[in-house]
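Everything on this sheet refers to the single structure shown next.
No value in this document is a laboratory result; all are computed from the given coordinates. Remember, predicted model here, so these are calculated numbers, not experimental data. Note that each Cβ is placed from the backbone with ideal geometry, even for glycine, and that neighbours are counted across all protein chains shown.
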Amino acid sequence: MTIGAGIVIYGAQLDDIAPRGDAMEPRFPDNTPDTARAFEEVVRVAHFPVGERKIEIWSPAREGLSKSENLKRGYEIAGDLIFETWSCYLSGEAHCGNCDSCRERHRAFIEAGIADRTIYNVHPIVSDKCRLGKCGVR
Ligand SMILES: [Zn+2]
């Protein structure tokens, strides 16, 4: 608010809001477009009760983009800078390769058809091809 931003972007994507298991609720309810709209309304009421100012809360999920589709779009725009992004739940010199986020990152690269040049401590296993060292990325 203090820097005059008109938009907040966060990384929720379509796979995050797919129904989980046999439940009909989203995997991460806080990542749904409904939640983003609700946050926009909270910000408007709490910070800009009068006037026209508002802040858009944008995410790939709001555009209907999956993680791999978002990755493709990011690669088209930013090129190799995408390899400087961080997905791992842990901190360190390299991605762990074991956590859900590392595996989802690697899976998205495979689905996007982009060679994953992320540095992992251990190679994320997301398919039999990974197990056999044939996912095209090592
Ligand atoms: Zn990790």
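Computed from Cα positions, the angle between helix 100-112 and the longest principal axis of the chain comes to roughly 80 degrees. Computed 3J(HN,Hα) for the stretch 7-12, one whole-Hz value per residue from the Karplus formula 6.51 cos²θ - 1.76 cosθ + 1.60 where θ = phi - 60°, is 8, 10, 10, 9, x, 4, glycine and proline marked x.
Sum up the lysine pairs in the stretch 11-138 that clear both bars: alpha-carbon distance under 22 Å and a spacing of 8 or more or different chains.
On the way: K67/K129; K67/K134; K72/K129; K72/K134.
Lysine pairs meeting both conditions in the stretch 11-138 amount to 4.
In the stretch 88-126, what trypsin sites (Lys or Arg not before Pro) fall in a loop by DSSP, with at most 11 other Cβ atoms inside 10 Å?
Working: sites: R103, R105, R107, R117; in loops: R117.
Qualifying residues, ordered by number: R117.
Ellipticity at 222 nm from helices only: DSSP H runs of n ≥ 4 in the chain, each -39500 (n - 2.57), divided by the residue count, give -10000 deg cm²/dmol.
Under 5 Å between amide hydrogens, built in the peptide plane, is the criterion, and for S66 it picks out L14 among residues at least 5 positions away or on other chains. Here the 3J(HN,Hα) profile of the stretch 53-59, calculated from phi with Karplus coefficients 6.51, -1.76 and 1.60 at θ = phi - 60°, is 5, 8, 10, 7, 10, 10, 8 Hz, Gly and Pro shown as x. By other beta-carbon atoms within 10 Å, ranking S68, S101 with the fewest at the front produces S101, S68.
Average projection, convex hull of the Cα set of the chain: 10.5 square nanometres.
In this structure, the amide hydrogen of I57, modeled 1.01 Å from its nitrogen in the peptide plane, lies closer than 5 angstrom to those of V8, counting only residues at least 5 positions away or on a different chain.
Counting other Cβ atoms within 10 Å, which chymotrypsin sites (Phe, Trp or Tyr not before Pro) in the stretch 24-104 have at most 16 and lie in a DSSP loop?
W86, Y89
Applying a DSSP loop filter and a limit of 13 other Cβ atoms within 10 Å to the GluC sites (Glu not before Pro) in the stretch 1-98 leaves E52, E93. Computed over all pairs of different Cα atoms, the Kirkwood value for the hydrodynamic radius of the stretch 67-138 is 12.2 Å. Note on the stretch 1-65: Kirkwood radius taken over Cα pairs, Stokes-Einstein applied at 37 °C and 0.692 mPa s, translational D equal to 258 µm² s⁻¹.
Would you kindly state how much longer the chain becomes between R73 and T2 on full extension, computed as 0.36 nm times their sequence separation minus their alpha carbon distance, in nm to one decimal?
Between R73 and T2, full extension yields an extra 22.6 nm.
Couplings 3J(HN,Hα) for the stretch 64-81, derived from phi with the Karplus relation 6.51 cos²θ - 1.76 cosθ + 1.60 (θ = phi - 60°), are x, 9, 6, 4, 5, 5, 5, 4, 4, 4, x, 5, 4, 7, 10, x, 5, 4 Hz, where x marks Gly and Pro.
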